[in-house]
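Read the structure below first, then the notes.
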Amino acid sequence: MDAQTANKPELLIVDDDPLITDTLNFVLGKDYSVRVAASRAQVKSMLRQLDAPPALALVDLGLPPTPHRPDEGFRLITELLAYSPAIKILVLSGQDDEGNARYARTLGAVEFVAKPCEPEVLKALLAKAQRIAEVERSSTDLDTGIVGSGLAITKLHQQILQYAPAPFPVLIEGESGSGKELVAKSLHRQSQRTTKPYLALNCAAISPTLVEPTLFGYVKGAFTGATASRSGYFEDAHEGTLFLDEIGELPLELQAKLLRVLENGEFQRVGETQSRTSNARVIAATNRDLRQEVRAGRFRADLYHRLSVFSIAVPPLRELSEDKVRLLQHYSAIYALQSGMQPFQLEPKSMDLWMQYGYPGNVRELRNIVIRLTTKYAGQTVNSEQLLAEFDWEEPVTQPSAAQVQDFKSTMDAARKHLQVHKNFNLDDALRELEKSYVDAALDITHGNLSRAAKLLGIHRTTLYSRMQSYDASGGEGQ
């Protein structure tokens, strides 16, 4: 390859008509280094021989062995983007009905062009795609691992870039499964602490009695089983980052000790009077409304304000409609590669359902759905019925019956009598206990099955699990 050819951007043309590929090669060869393939199989073979993937691709939908259907072209779009997410794909096809065009764009094609197309129009579209690719390559490498390019995710990237260099705490708020820990890791990687330790502790995952020695360490003999002195997370993190997930679960008595570390860096190992210091940056995350927790007296107001110097709200997946397909492509490529299987495809109706579904479990649920579909339907096209079987749709809420209305009236009478008798009544505690009694009843009726209990209560399964965590409801952990 001569120097002039080496400086041209690589363009992959995929079409099974030699007359079309020869013509396109002649028209576009002056501006691009053109490579030609006639099928998906040829593309795969070609990509294995290249040092780097092409920057641009011009793809026909009707490819062998089914040249009169768009299936092979759709599969090729998905495979190319899985191989190189940065590649810009333009579809040039005679199968130009609106449904095919919309689906091609949904899969990730940047443009759909109907055959025949004037050479100058095609050149202009390729040049536009090339400029987009160049801007993306020259822009700052976000290196967050967070997939998506919609407005909400773009804002998230910007906040991470803005807050990462600062030494102050960050509070990450968001629903379960939305990717809060990924944001925390991104903040660490893009800070000056990136070469220092990154430690994470889920405050809800360990016993309250173990939180203090885990965070601050302990000396030999401090408690039964402390046969040797041991450092804690603050000491081990030192000048790195300490991520405290589910910070809302931290016991009140420990919140004051955490506040002290945040204010002056000082802490003590359990059983020790000597003060130690840590310069670790604290990043905290919660799926609760900490402002409500403060009002209810379950979280210290001073600690909340100290933690929330910077706040980042991670958007739920239901608000990221344009990024649901990108996440699908991302995880499908990863798990197909890891398992050595062919990625599955979604038929157009299934893709519509994919976009409509609310994903109450957020990205974590989407990822798990992709894993299941990869396992069940490797190399196949998933129809709407198969996809619906993986979704957890909410059942419609019905109007209360006459018996239920009477129950509510009886409850009001009981509440009136309760208020007259109890002088130190607390509404928050009463509502909490009432809610807990309904949750316990639902779990008892459904024998601990979280999904069925959530439907019985008219809430999402993830919401039920979050509320169970908030008051340590008894019952099964789901099946």
Please find, among 256, 284, the residue that is open to solvent by less than 50 Å² (accessible area, probe 1.4 Å), farther than 28 Å from residue 162 by Cα and touching a residue at least 12 places away in the same chain (Cβ under 8 Å).
256
Please go through the stretch 431-470 and give me each residue that is outside any helix (DSSP H, G or I) and either at pLDDT below 75 or open to solvent by 90 Å² or more (accessible area, probe 1.4 Å) (or both), ordered by number.
446, 447, 448, 449, 460
Candidate set: the stretch 52-79, residues that are charged (D, E, K, R) and under 31 Å from the mean Cα position of the chain (by Cα); chosen: the one nearest to residue 336 (Cα to Cα):
79
Among the candidates 207, 191, 231, which residue alone is in contact with a Gly (Cβ under 9 Å, 6 or more places away or on another chain) and among the hydroxyl-bearing types (Ser, Thr, Tyr)?
231
Just to be sure before I move on: is residue 336 surrounded by 18 or more Cβ atoms within 10 Å (Cβ to Cβ) and either at negative phi or aromatic (Phe, Trp, Tyr) (or both) in the structure I sent?
yes
Would you check if residue 321 is under 20 Å from residue 109 (Cβ atoms) and hydroxyl-bearing (Ser, Thr, Tyr)?
yes
Filtering the stretch 341-356 down to residues that are open to solvent by 70 Å² or more (accessible area, probe 1.4 Å) and not in a helix (DSSP H, G or I) yields 341, 342
Using beta carbons and a limit of 8 Å, which pairs, at least six apart or on different chains, have the first residue in the stretch 105-124 and more than 16 Å from residue 62 (Cβ to Cβ) and the second one assigned to a helix (DSSP H, G or I) and of a type in the set (S, T, N, Q)?
108/78; 108/329
Determine which member of the set 298, 291 is outside any helix (DSSP H, G or I) and without any contact (Cβ under 8 Å) to a residue 60 or more places away in the chain.
298
Matching residues, the stretch 31-69, being under 21 Å from residue 97 (Cα atoms) and surrounded by fewer than 22 Cβ atoms within 10 Å (Cβ to Cβ)
62, 64, 65, 66, 67, 68, 69
Of the residues that sit in the stretch 303-333 and are of a type in the set (Lys, Arg), crowded, with 16+ Cβ neighbours inside 10 Å and under 19 Å from the mean Cα position of the chain (by Cα), which one is nearest to residue 81 (Cα to Cα)?
326
Going by what's in this entry, would residue 276 be described as open to solvent by 30 Å² or more (accessible area, probe 1.4 Å), at pLDDT 90 or above and within 27 Å of residue 238 (Cβ to Cβ)?
yes
Residue pairs qualifying under the 8 Å Cβ cut-off, at least six apart or on distinct chains, with the first in the stretch 427-438 being under 17 Å from residue 292 (Cα atoms) and the second being of a type in the set (A, V, I, L, M, F, W, C) and open to solvent by less than 80 Å² (accessible area, probe 1.4 Å), are 428/296
Residues of the stretch 309-331 being under 30 Å from residue 265 (Cα atoms) and in contact with a helix residue (DSSP H, G or I) (Cβ under 8 Å, 6 or more places away or on another chain), in sequence order, are 310, 312, 314
Exactly one condition in (1) open to solvent by 20 Å² or more (accessible area, probe 1.4 Å); (2) out of contact with any helix residue (DSSP H, G or I) (no Cβ under 7 Å at 6 or more places or on another chain); (3) of a type outside the set (Ser, Thr, Tyr); (4) within 30 Å of residue 195 (Cβ to Cβ) is not met by residue 269; state its number.
(2)
Residue tally, condition at pLDDT below 70, more than 25 Å from the chain's Cα centre (by Cα) and not in a helix (DSSP H, G or I), over the stretch 377-422:
6
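The values are calculated or read from the model by the stated rules, or taken from the named source; none is laboratory data. This structure is a prediction, so every number in the text was calculated from the model and none was measured. Cβ atoms come from the backbone with ideal geometry, glycine included; neighbour counts cover every protein chain shown. The accessibility values were calculated without ligands, DNA or RNA, using every heavy atom of the protein model including side chains. Shrake-Rupley method; radii C 1.70, N 1.55, O 1.52, S 1.80 Å.
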